[in-house]
Amino acid sequence: MDEVLADIRRLKGLEAGTLRIGAGSFALEMSVAETVTRLAGRHPSLHVRLVLDDWESLTQKVVAGLLDVAVAEVTAAEQESQLSVERIGEHGGIFYCRSGHPLLARSNLTFEDISGFPFAMSPLPGRVAPFFERIGAAGRIDPASGHFLPAITLDSVILMKRAVHETNAISWAPKVLIASELHDGSLAALPFTPPWARLNCGIIRRADRPVPPALEMFLAGLRAVEKKHSRPLPPKRTRRKRGLAPT
């Protein structure tokens, strides 16, 4: 009954109800925060609730009806038959460390070199687990889920950068999120860019739920912002059926 009443309020228009949005750490910084700010500025009576969480938890919250939409890594969502997943961008990125890190003195870095140091980042999906079979201090693979759990597991880009800046930890991020730190020299990019290190970001929502005006406005704004930061994708990228393997 609560969901039905919420749908009625949202369908009345942009000036009624609450829009519940979930975001992964990278998606929040790259596009969601900017989109929400613009939407709130145009429609001050709309109540927007923004939740930061890891991509797997966000997926389950959308399934449970606790969020209207989530913007995050889509690996888990593409395995849920009741969800509609729209990929909006594939983001490459870089591994980075603090200025003066011991790895910066080496050339021809390998994954074995950087995995000798703790990783400070969000959990990574099982699709990259094969690359972490022989890890050192970087973290461990969770036997239950198959996900990689970094030694320092964080859901905040700000805290990731702080951990890297104050320790010998290594992290990864889309370059746009650490551009200012690279420019001022407080952080440094590592010369190691494997093709598998990428973020598959997408819009995750319930396939059986209507798209109210407020959500439609948010999604339109999000697509426009994401277009500035991500690599373009082929047009056919919607997943609705169980069993479609993520790339």
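The values are calculated or read from the model by the stated rules, or taken from the named source; none is laboratory data. Just so it is clear, the model here is predicted, and its values are computed rather than measured. As a convention, Cβ positions derive from the backbone with ideal geometry for all residues, glycine included, and neighbour counts pool all protein chains shown.
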Can you tell me which residues in region 34-51 are touching a strand residue (DSSP E or B) at 6+ places or on another chain (Cβ under 8 Å) and not in a loop (DSSP other than H, G, I, E, B)?
VAL36, LEU39, ALA40, HIS47, VAL48, ARG49, LEU50, VAL51
State which residue is nearest to the chain's Cα centre (by Cα) when the search covers only region 151-181 and only residues that are buried (at least 21 other Cβ atoms within 10 Å of the Cβ), assigned to a strand (DSSP E or B) and of a type in the set (A, V, I, L, M, F, W, C).
ALA173
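Quick grid of which residues meet (1) buried (at least 23 other Cβ atoms within 10 Å of the Cβ); (2) in contact (Cβ under 8 Å) with a residue 40 or more places away in the chain; (3) out of contact with any Phe, Trp or Tyr (no Cβ under 8 Å at 6 or more places or on another chain); (4) among the polar types (S, T, N, Q):
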site	(1), (2), (3), (4)
PHE26	yes, yes, yes, no
SER31	yes, yes, yes, yes
ASP54	no, yes, yes, no
THR59	yes, yes, yes, yes
Please tell me if ALA105 is more than 19 Å from ALA197 (Cβ to Cβ), assigned by TED's automatic domain parsing to the domain that holds LEU124 and surrounded by fewer than 20 Cβ atoms within 10 Å (Cβ to Cβ).
yes
Within region 13-44, restricting to residues that are modelled with pLDDT of 90 or more and of a type in the set (Asp, Glu), the one that is nearest to ALA72 (Cα to Cα) is GLU29
Region 182-216 - residue that is surrounded by 19 or more Cβ atoms within 10 Å (Cβ to Cβ) and assigned to a helix (DSSP H, G or I) and, of those, modelled with the highest pLDDT:
LEU215
Looking at the structure I just gave you, is LEU67 part of a loop (DSSP other than H, G, I, E, B), surrounded by 14 or more Cβ atoms within 10 Å (Cβ to Cβ) and not aromatic (Phe, Trp, Tyr)?
yes
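Output the number of residues of region 63-83 satisfying the condition of being within 23 Å of LEU149 (Cα to Cα) and not small (Gly, Ala, Ser).
Taking region 63-83 and keeping what is within 23 Å of LEU149 (Cα to Cα), we get 70-80.
Keeping just the survivors that are not small (Gly, Ala, Ser) gives 71, 73-75, 78-80.
Number satisfying all stated conditions: 7.
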